[in-house]
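K.L.:
One structure is given below, represented as structure tokens, and several questions about it will come after.
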Amino acid sequence: METKTRTGLSEVFIGAKSILCPLGDTPSKVYDAMLNGETGLKSVDRPFGIDTTSHVGLIPDHLIPQEHMDSLKLTNMLAACYERSVRKLRHDAFQDKDGLVIICTTKGNIDKVGEPNDPRLPLGRLGRFLKQSFDLGNDPMIISNACISGVLGIITAARLIRAGKYEHVMVLGGDIVSEFTLSGFASLHALTEGLCKPYDKNRTGINLGEAAAGLVLSSDETIFKGSYSEYISGASSNDANHISGPSRTGEGLHRSIERTLKPASIEADQIGYLSAHGTGTSFNDEMESIAFERSGLSETPVNSMKGYFGHTLGAAGVIETLLGLEGMKRKQLVPSLGFEEMGVSQPMNIIQETTAPNSAYFLKTASGFGGCNASALFKVG
């Protein structure tokens, strides 16, 4: 039976978490490692032969199942997360017409870019592979919108459920580290040779990482075998500032936050935890500090997870939402790894030691190339 929130919106529940990242292959293992201050970033000299030295977050080979017939790394990562999320449900809801899978990625099987005739290269191939492998009831939807792809996938899933299009939607996020991605960020001089330090005075750039993660959103909470949380609202906004540079005023991110909180009738001071994008580049960090100040979030406990496993691009919104929900459930928010001294113009309440949230509301934000921004609000407990 459909239930409504106090704002009249249909309730949407979120759970069945799955993950593959440099720190491990279960949400509990990964979060335990983060609480211990571990990082999955390792120094790599001339990765893929590129003339640069950087710390990179690579998933150990033994963590990636090899049993799927497609054999490409990203495809196997996504398939593994699909299977693990389904195991946390009372039945596989995605073999029916009322279930949908959304795949969020910025590059797909980009490791095949040197073989343009390889049929596995197009993004659509990812969806066809999953449909054929798992006998899905619908063609998967692909969302590729720079680094907000994961958060946008979660927002899209909730809207499709509230519109009555589907009852259950799985959101899978995934991207790999490749010659293409590393050389692209190297050409922008965005990579740091050391470890990234989001919001810190001495930050020098980002680290790239690879990951896959899965979450299931549903109008029916009884589908989950284990714990679940509530999706409240979400929105995106594009500031159309520059292809690779964020707005100096934080306008797009501010608008997305405003459009997320207002329909939920939630004020900024009710947010107990903010998981920011936090890449460790000067332009992005500064933009976020301005947008958060304009949105009334300067006092909200905030962290970036990039220091733990790097910037995972299209997977970032899914994996960081998943781990944010895990931290809220445990009432243990991890420090923003790498931060020591404030390096942005506006005040921020950076988490520097493990702390408990002061409310049940958790806000996740993301920003990306092309001026895109997104935010999503959750309630835990």
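The values are calculated or read from the model by the stated rules, or taken from the named source; none is laboratory data. Because the structure is a prediction, the values reported are computed rather than measured. Neighbour counts run over all protein chains shown; Cβ positions are idealised from the backbone, glycine included. Only protein heavy atoms, including side chains, enter the accessible area calculation; ligands, DNA and RNA are left aside. Shrake-Rupley method; radii C 1.70, N 1.55, O 1.52, S 1.80 Å.
K.L.:
So the check is Cβ under 7 Å with 6+ separation or different chains; which pairs have a first residue in segment 148-161 that's on the phi < 0 side of the Ramachandran plot and a second one that's part of a helix (DSSP H, G or I) and at pLDDT below 95?
P.N.:
Pairs that qualify, where the first residue is on the phi < 0 side of the Ramachandran plot and the partner is part of a helix (DSSP H, G or I) and at pLDDT below 95: there are none.
K.L.:
Now, a different point. Out of segment 262-282, which residues are in a helix (DSSP H, G or I), open to solvent by 50 Å² or more (accessible area, probe 1.4 Å) and touching a residue at least 24 places away in the same chain (Cβ under 8 Å)? Talk me through it step by step, then tell me what you get.
P.N.:
Step one: filter segment 262-282 for residues in a helix (DSSP H, G or I), giving 262-264, 268-270, 282.
With open to solvent by 50 Å² or more (accessible area, probe 1.4 Å) added as a condition, the list becomes 262-263, 269-270, 282.
The answer is PRO263, ASP269, GLN270, SER282.
K.L.:
Taking the conditions exactly as written (at pLDDT below 95 and touching a strand residue (DSSP E or B) at 6+ places or on another chain (Cβ under 8 Å)), does ASN358 satisfy them or not?
P.N.:
yes
K.L.:
Can I ask one more? Within segment 58-80, work out how many residues are open to solvent by 30 Å² or more (accessible area, probe 1.4 Å) and touching a Leu at 6+ places or on another chain (Cβ under 8 Å).
P.N.:
Number of matching residues: 0.
K.L.:
Is it the case that segment 83-91 has a residue that's more than 26 Å from GLN332 (Cα to Cα) and buried (at least 20 other Cβ atoms within 10 Å of the Cβ)?
P.N.:
No - not one qualifying residue is present in segment 83-91.
K.L.:
Taking segment 42-57, which residues are under 17 Å from TYR308 (Cα atoms) and open to solvent by 10 Å² or more (accessible area, probe 1.4 Å)?
P.N.:
LYS42, SER43, VAL44, HIS55 - these are the residues of segment 42-57 that are under 17 Å from TYR308 (Cα atoms) and open to solvent by 10 Å² or more (accessible area, probe 1.4 Å).
K.L.:
For segment 148-164, which positions are more than 23 Å from LEU313 (Cα to Cα), surrounded by fewer than 24 Cβ atoms within 10 Å (Cβ to Cβ) and either modelled with pLDDT under 95 or not charged (D, E, K, R) (or both)?
P.N.:
LEU160, ALA163, GLY164
K.L.:
Report yes if some residue within segment 211-224 is under 26 Å from PRO335 (Cβ atoms), in contact (Cβ under 8 Å) with a residue 60 or more places away in the chain and part of a loop (DSSP other than H, G, I, E, B); otherwise report no.
P.N.:
Taking every residue of segment 211-224 in turn, none turns out to be under 26 Å from PRO335 (Cβ atoms), in contact (Cβ under 8 Å) with a residue 60 or more places away in the chain and part of a loop (DSSP other than H, G, I, E, B).
K.L.:
Next question. Look at segment 326-336 and say how many of its residues are buried (at least 24 other Cβ atoms within 10 Å of the Cβ) and either of a type in the set (A, V, I, L, M, F, W, C) or closer than 29 Å to ARG248 by Cβ (or both).
P.N.:
Summing the residues that are buried (at least 24 other Cβ atoms within 10 Å of the Cβ) and either of a type in the set (A, V, I, L, M, F, W, C) or closer than 29 Å to ARG248 by Cβ (or both) in segment 326-336 gives 4.
K.L.:
Mind checking whether some residue in segment 29-36 is charged (D, E, K, R) and at pLDDT 95 or above? Write out each step before concluding.
P.N.:
Pass one, segment 29-36, residues charged (D, E, K, R): 29, 32.
The next check asks that each one be at pLDDT 95 or above; those that pass are 29, 32.
For segment 29-36, residues charged (D, E, K, R) and at pLDDT 95 or above: present.
K.L.:
Please state which one of GLU299, GLU258 is free of Cβ contacts under 8 Å to residues at least 60 places away in the same chain, closer than 15 Å to ALA376 by Cβ and surrounded by fewer than 24 Cβ atoms within 10 Å (Cβ to Cβ).
P.N.:
Exactly one residue qualifies, and that residue is GLU258.
K.L.:
Quick check, is GLU288 touching a residue at least 40 places away in the same chain (Cβ under 8 Å) and surrounded by fewer than 22 Cβ atoms within 10 Å (Cβ to Cβ)? Spell out the reasoning first.
P.N.:
Working: touching a residue at least 40 places away in the same chain (Cβ under 8 Å): yes; surrounded by fewer than 22 Cβ atoms within 10 Å (Cβ to Cβ): no.
Taking the combined requirement at face value, the residue does not satisfy it.
K.L.:
How about segment 23-140: which helices (runs of 4 or more DSSP H) wholly inside it have at least 2 residues that are within 18 Å of the chain's Cα centre (by Cα) and at negative phi?
P.N.:
Per the criteria, 27-35, 73-86.
K.L.:
I've got another one for you. Please find, within segment 1-22, the residue that is surrounded by the most Cβ atoms within 10 Å (Cβ to Cβ) out of those that are modelled with pLDDT under 95 and not in a loop (DSSP other than H, G, I, E, B).
P.N.:
SER10
K.L.:
Taking only pairs six or more apart or across chains, which ones have beta-carbon atoms under 6 Å, a first residue in segment 188-206 that is closer than 16 Å to ARG46 by Cα, and a second residue that is in a loop (DSSP other than H, G, I, E, B) and open to solvent by 40 Å² or more (accessible area, probe 1.4 Å)?
P.N.:
Qualifying pairs under 6 Å: THR192/THR204.
K.L.:
Here's a follow-up. Restricting the search to segment 178-194, which residues are open to solvent by 10 Å² or more (accessible area, probe 1.4 Å) and either within 21 Å of the chain's Cα centre (by Cα) or on the phi > 0 side of the Ramachandran plot (or both)?
P.N.:
PHE180, GLY184, PHE185, HIS189, ALA190, LEU191
K.L.:
Scan (1) closer than 25 Å to ILE232 by Cβ; (2) assigned to a helix (DSSP H, G or I); (3) of a type outside the set (Ser, Thr, Tyr) for the single condition ASP285 breaks and write down its number.
P.N.:
(1)
K.L.:
On to the next question. Out of GLY343, GLY327, GLY338, report the one residue that is under 18 Å from the mean Cα position of the chain (by Cα) and touching a residue at least 60 places away in the same chain (Cβ under 8 Å).
P.N.:
GLY327
K.L.:
Being open to solvent by 20 Å² or more (accessible area, probe 1.4 Å) and touching a helix residue (DSSP H, G or I) at 6+ places or on another chain (Cβ under 7 Å) is true for just one of TYR199, TYR228. Which residue is that?
P.N.:
Going through TYR199, TYR228 in turn, just one is open to solvent by 20 Å² or more (accessible area, probe 1.4 Å) and touching a helix residue (DSSP H, G or I) at 6+ places or on another chain (Cβ under 7 Å): TYR228.
K.L.:
Of the numbered conditions (1) free of Cβ contacts under 8 Å to residues at least 60 places away in the same chain; (2) open to solvent by less than 20 Å² (accessible area, probe 1.4 Å), CYS104 satisfies every one except a single condition; which is it?
P.N.:
All conditions pass for CYS104, except number (1).
K.L.:
If GLN352 satisfies all but one of (1) under 18 Å from ASN284 (Cα atoms); (2) open to solvent by 10 Å² or more (accessible area, probe 1.4 Å), what's the number of the condition it fails?
P.N.:
(1)
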